[in-house]
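Working notes, beginning with the structure itself.
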Amino acid sequence: MDLLKRYSEKYGYEHIVTERNSPLTYEEADMLKLADGTSYTVDEPGKEFVLIVLYGTCSVEGEGFSFPKVGVRKSVFDGTAAESVYVGRNKPFTVTAVGGDVKICVCKARAEKDHPAVCTRAKDVAMSTFGKGAYVREVAFTFPETVPADKLYIGEFWVKDGSWASFPPHKHDVDAPPEAFLDEIYYFEFDKPQGFGVQMVYTSDGTIDEAYRVKTGDFVEIPKGYHPFTVAPGYRNYCLWIMAGKRRGLLSVTEEAHKWMTK
């Protein structure tokens, strides 16, 4: 099963993870890059959207809402969380670059309920440090479950110098508390052009057993199973994690063989 998708940065709108090319149940992901002053309109009925501004600044407008100057970063390594805009289903919207180029990950999922548009500013995003030792990482809950939405739940993490994330290995593919069934997509960037990491996706029964060398612009789909990640020594990694499901939040279980590490 090939769960790797690749994106090369360029101007325009590009569909990356879609209903047709992915095994995921709920979510999709596109990329949008605009030059200063240019605009793009999105109109996909039945879906909710979260626009994650990776770098640059934009305005987002639609019927009944207008969010000017969204985005504060020059790169994903600026030390702050991304700013974002949520747009509910059946609401066409237009994005315009302001003051320079802007790059946005367009996260989306089919929605069953309506929710109001909202802009989440970087100053309001909770930042935390997770893990310890060789699996410590910085985490931002960029679009948390406290913001009303139907299925999307999104965050970011930063890993450096041979450390691990999503470790000890965990999964969220069964809809039974304390676990929930949540699709996930990882999008990666690295602080140097030659930087890379290794993303694994595997299940207990071996139906999925994959490992990918990931570089800047790569996406990995996680339809089920455990999914630990490590960055190569000497490099720093950025990862945007996009989750979607009927129950939103960090609702996961640790792989049994590694639970001793959490005690």
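Quick note: the coordinates plus some simple rules give every number you see, no bench work behind them. Quick caveat, the model's predicted, so the values are computed rather than measured. Note that each Cβ is placed from the backbone with ideal geometry, even for glycine, and that neighbours are counted across all protein chains shown.
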Arrange the peptides 253-260, 152-159 so that the one whose residues have, on average, the most other Cβ atoms within 10 Å appears first.
152-159, 253-260
What shape does the stretch 110-204 take by its C-alpha gyration tensor, where a ≥ b ≥ c are the square roots of the eigenvalues and a/c under 1.5 counts as rounded, a/b above b/c as prolate, and the rest as oblate?
oblate
From the Cα gyration tensor of the stretch 217-263, with a ≥ b ≥ c the square roots of its eigenvalues, which class applies: rounded if a/c is under 1.5, or else prolate if a/b is larger than b/c, or else oblate?
oblate
For the stretch 4-262, what number results from the quotient of the Cα radius of gyration and 2.2 N^0.38 Å?
0.96
For the residue pair ARG6 and ASP205, what label-to-label distance in nm results when each label sits 7 Å from Cα along the Cα-to-beta-carbon direction?
3.2 nm
Any idea how far apart GLN194 and ARG121 come out in nm if each label point goes 7 Å out from Cα toward Cβ?
4.2 nm
Within a Gaussian network of the chain (alpha carbon springs, distance under 10 Å), most fluctuating of THR25, THR207, THR230
THR207
With an 8 Å cut-off on Cα pairs and a minimum separation of 6 or more residues, tell me the relative contact order of the chain in percent.
20 percent
So how do 223-229, 162-168, 135-141, 80-86 stack up, highest first, on mean other-Cβ count within 10 Å?
80-86, 223-229, 162-168, 135-141
If the chain between TRP260 and HIS15 were fully extended at 0.36 nm per residue, the gain over the current Cα-Cα distance would be 84.1 nm
Quote the relative contact order of the stretch 31-123 in percent (integer), defining contacts as alpha-carbon pairs under 8 Å separated by 6+ residues.
43 percent
When the convex hull of the C-alpha atoms of the stretch 50-106 is computed, what volume per residue in Å³ does it have?
68 Å³
